[in-house]
Amino acid sequence: MTVLELRSVHKRYGSVEALAGLDLRVARGEVVALLGPNGAGKTTAFELLLGLARPTSGEARVLGEAPGGRVKRRLGVMLQDAGLPEQVTVSELVRLIGRSYPVALPVDEVLARVGLTDRRRRTVTDLSGGERQRLLLALAIVSAPELLLLDEPTAAMDVASRRAFWERTRASVRDGATMLFATHDLAEADAVADRVVVLGDGRLIADAPPAALKRLVASKTIRVTTDAPVAVVTALPGAERIELDDVGGGPAPPGMQRLLVHAAKAEDVLVPLVLGGHAISDLTVADADLEDAFVHLTRAAPPVPTLDGAPS
Ligand code: ATP
């Protein structure tokens, strides 16, 4: 069952097209990451789904209803830069917000789920940055929502806090709630989401499970020192993307250069180089990670919005 849907949605702010014909559907029980560089349209998509803004054209549906209005009570939401009243205590605030919903979980249970039991009597103003994020999560889950919409919930958290946050969030939604969250962090999308939706310039660039996303682009990263000019390597049909490797190994010997070459198969790059009489040394070949996939997808023309990983 579809719980969230954007259909051919355009959103224009003056001359800026924040969303340019976005189609997105999320089914019940799915955990979906919305990934994209700054300005890709992630926050705009959340605003439309929450009824905080209206599409210029196209349609948004949430839990079968128009966004905003009654359906808000069935959602748990974390927005970027959400303001909090500073002088109330943690437990007072969770109780207060819980009362604004028809059904709310017990305050103690919510605080235990987000790891704030020992901060329950602190005022909001005395919380650390990470504790504030956990309080925002508590406010998002207090109503036992059917759908969680989280806009960059782990921004500004360190790696350990992120891991703990997602463990708690996963535990909080184990009763089958659906979740859409925005992130810039590829490792996070890979670790947490069943599906990754990549946006660029307001358009859908890819929609696939993390593993399929990685398969959609070059799957090997070749680090090599060679005397072949960049133009020669670029011209190889097997080389999908080339960068000068200015990180590894220090300056290259005279007449040589260190390159990072992204390719589906390492041999498609290395064999023609060797057969062409070029010197190669300091060679390593590694599997590409999601970062490579993401950078490639957001730079390239949109090729591949498929679910099963097969280029369309
Ligand atoms: P970030 O990762 O930086 O949060 P984002 O993917 O969430 O970015 P949006 O905030 O949705 O991107 O912005 C998409 C585009 O729309 C940007 O070019 C932004 O400047 C523009 N935009 C968003 N909201 C408004 C607004 N209220 N008025 C004018 N332009 C806006």
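Computed from the coordinates by the stated procedures, all read-outs in this text should not be read as laboratory data. Please read these numbers as outputs of a predicted model, since none were measured by experiment. Here Cβ is always computed from backbone atoms with ideal geometry, including for glycine, and neighbour counts include all displayed protein chains.
In this structure, the amide hydrogen of Leu204, modeled 1.01 Å from its nitrogen in the peptide plane, lies closer than 5 angstrom to those of Asp23, counting only residues at least 5 positions away or on a different chain. Restricted to Cα atoms, region 179-264 shows a radius of gyration and a Dmax of 16.8, 53 angstrom. All C-alpha pair distances within region 24-133, sorted into 10 Å bins from zero, spread as 11, 34, 34, 19, 1 percent across the bins. Here the 3J(HN,Hα) profile of region 55-62, calculated from phi with Karplus coefficients 6.51, -1.76 and 1.60 at θ = phi - 60°, is x, 5, 8, x, 9, 10, 10, 10 Hz, Gly and Pro shown as x. Per-residue extension of 0.36 nm, minus the Cα-Cα distance of His10 and Ala27, leaves a gain of 3.9 nm for this segment. Taking amide hydrogens as placed 1.01 Å from N in the peptide plane, the amide H of Val3 sits under 5 Å from those of Val26, Ala27, Arg28, each at least 5 positions away in sequence or on another chain. Counting only DSSP beta bridges whose two residues both lie in the chain, roughly 65 percent are antiparallel.
If packing is taken as the mean number of other Cβ atoms within 10 Å per residue, what is the order of 36-48, 253-265, highest first? Please report the intermediate quantities before stating the final value.
Working: 36-48: 20.8, 253-265: 17.2.
In decreasing order of mean packing, 36-48, 253-265 become 36-48, 253-265.
According to the Cα gyration tensor, what semi-axes, each the square root of 5 times an eigenvalue, does the equivalent ellipsoid of the chain have, listed from largest to smallest in whole Å? Numbers along the way, then the final one.
Working: eigenvalues 382, 106, 49 Å².
The answer is 44, 23, 16 Å, longest axis first.
Size of region 231-271 from its Cα atoms: along the principal axes, largest to smallest, the extents are 27, 18, 15 Å. Backbone amide hydrogens, once placed in the peptide plane, bring His278 within less than 5 Å of nothing, excluding anything fewer than 5 places away on its chain.
Plainly put, region 55-195 has a radius of gyration that is 0.96 times its Kirkwood radius, both from alpha-carbon atoms, as the Rg/Rh ratio.
Annotation: extensible slack from Ala66 through Ala187 equals 40.3 nm (criterion: 0.36 nm per residue apart, minus Cα-Cα distance).
With axes computed from alpha carbons, what is the tilt in degrees of helix 129-141 against the longest principal axis of the chain, rounded to the nearest 10 within 0 to 90? For helix 129-141, the angle is close to 60 degrees. With θ taken as phi - 60° and the Karplus curve 6.51 cos²θ - 1.76 cosθ + 1.60 applied, the whole-hertz 3J(HN,Hα) list for region 255-264 is x, 10, 9, 8, 10, 10, 10, 9, 8, 5 Hz, x standing for glycine and proline.
Given the Cα-Cα distance of Arg170 and Ala82 and 0.36 nm per residue of separation, how much length would full extension add, in nm?
On the way: separation 88, 0.36 × 88 = 31.68 nm, distance 2.15 nm.
Fully extending the segment from Arg170 to Ala82 adds 29.5 nm.
Applied to region 159-166, the Karplus parametrisation 6.51 cos²θ - 1.76 cosθ + 1.60 on θ = phi - 60° returns per-residue 3J(HN,Hα) values of 4, 5, 5, 4, 4, 5, 4, 6 Hz, with x for Gly and Pro.
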